[in-house]
Amino acid sequence: MPDRIAIRNGKVLAWMDGAHQLLQRATVIVEGNRIVSVGEDAPAAREIDATGMAVLPGFVNMHSHVTDTAFTRGFLEESSGPKDFGNLYRVLPAVRNAIDARDACIGARLLLLEALLSGTTTIVELGYDLELAGSADLDNAREVAEIAVGLGLRCYSAPRYRRGYWRGDSAGKVGYYDYADGGRARMEACVAFCKALNGSHAGLLRTMLAPGQVDTCDLDMLAETRRIAGATGLPIQLHAGQSPSEFRRIRDTQGQSTIRYMERAGLLGRDFMIGHGMFLAETNDVGTIPSEELALLADSGTSVVHLPWVKMRQGTLMNSYAKFLRAGVNVALGTDTHPLDMIHEMRAAAIGCKLAEQSQQATTATEAFDLATVRGARALGRDDLGRLAPDCKADIVMTSLSKPRAAGYDDPIKYLVYNGDGCDVDTVMVNGEVVVRGGMPLRADLDEAVAQMNEAKARVRAKIVL
Ligand SMILES: [Zn+2]
């Protein structure tokens, strides 16, 4: 078989009988862009020797903003506390205003490289916001998406549209401001963008409808989004449950909870993802969401995209993702900001959950790993991603098990979640092609990307006005 690749001698995490199961020394056969077999050897033209490595499904990062994160880090971490959410409403917009299209692409390239090098094979990129003067147009979104697939990633590009925006003042008060046309022209342009690009680049580039935040859209815009999703088959991701003030805003203006409001807009469904989902009640305790509302999410197949580390860094955490799982709600995982390392994010999810519930038993490494793989794939409606099984896409990550700190572990998942990080990733294959080998990208010059980023950072910092 001329185009077959055999990945031999690794500890393989196979998907069997609806669960990840570890095979101690096994072979994965890849042909073209798909997996042919897991656990059975066969003749192949090429071999990858995975001795001393775990062979795992690639990670699915369900929520990222790669055009600004390289510039907000180092700047945002200690800029405000959780009480006024000033990061979100005041400092973040100020940094984003200082980024032009060229620097956005330079930042994006570096972060997409980080994602790939730490084992992400599918990334959802949500861009940033419309009101940025001349710097957030759709040509830029397209360029960023093409950088992602150029590096070898599978990318879902999700440019955002909304009716208006928020701004926080220095006293922490949040104001809402409408765009002149209620954001309708931008919405039309985003929908056209999604239709045009979906499935391009041999299917590596797909798109997603992304109405901005639940409190910056109106009911008509959300209902129209559902109608378009029905007509096009595009999935939807909406930022919702980001802060207590957002919950109060929906309650005060709509007279109902955020979940009821999203239901009224017709959004709930298997193709609908709630980005953040931490304040779907007035507090961060998922246990205070009425059980009928949790049932609405579970029964409709709606997914929550959990973004633990960005919130933990601000001094708060969801209590807890496991409560969503126990209520039957699918939970996926994303980094939102930095680091774009899904192994690190799995640890944040697992430890955050245990801290929130004050219990070591609140969750397991396997549960956290599922968030980053099969549950993300489920949110995307993709049963061909997030698992190693015949007929799935050949999105495969190989992580070293020979480093000193891996000693003592039999289970590579426990190792990664509790003791490893993205630097353990040696080889990444996406769609049947090896795009990272020996921890280095094969389609980009890493040193050059870092040098360009440092120059861009200096330009952006000089332009920030708080
Ligand atoms: Zn976000």
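The values are calculated or read from the model by the stated rules, or taken from the named source; none is laboratory data. These numbers were taken from a predicted model, which means no experiment stands behind them. Neighbour counts run over all protein chains shown; Cβ positions are idealised from the backbone, glycine included.
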Residues located in segment 8-27, provided they are within 25 Å of H344 (Cβ to Cβ), out of contact with any His (no Cβ under 8 Å at 6 or more places or on another chain) and either among the hydrophobic types (A, V, I, L, M, F, W, C) or crowded, with 18+ Cβ neighbours inside 10 Å (or both): G10, K11, V12, W15, A19, H20, L22
Among the candidates T207, T216, T232, residue that is in contact (Cβ under 8 Å) with a residue 12 or more places away in the chain and within 16 Å of the ligand (Cβ to nearest atom): T216
Segment 243-263, subset modelled with pLDDT under 95 and small (G, A, S), residue surrounded by the most Cβ atoms within 10 Å (Cβ to Cβ): S243
Failed criterion for I147 (all others in (1) in a helix (DSSP H, G or I); (2) modelled with pLDDT under 95 hold): (2)
Qualifying residue in segment 370-377 (condition: among the basic types (K, R), under 17 Å from the mean Cα position of the chain (by Cα) and assigned by TED's automatic domain parsing to the domain that holds L116): yes
Residue match in segment 36-56 (condition: surrounded by 20 or more Cβ atoms within 10 Å (Cβ to Cβ), within 30 Å of K311 (Cβ to Cβ) and in contact with a strand residue (DSSP E or B) (Cβ under 8 Å, 6 or more places away or on another chain)): yes
Filter result for G277 (in contact with a strand residue (DSSP E or B) (Cβ under 7 Å, 6 or more places away or on another chain), modelled with pLDDT under 95 and within 16 Å of the ligand (Cβ to nearest atom)): no
Residues of segment 419-441 satisfying the condition of being surrounded by 14 or more Cβ atoms within 10 Å (Cβ to Cβ) and of a type in the set (A, V, I, L, M, F, W, C): C423, V425, V428, M429, V430, V434, V435, V436
Residues located in segment 327-368, provided they are without any contact (Cβ under 8 Å) to a residue 24 or more places away in the chain and over 17 Å from M278 (Cα atoms): Q358, S359, Q360, Q361, T364
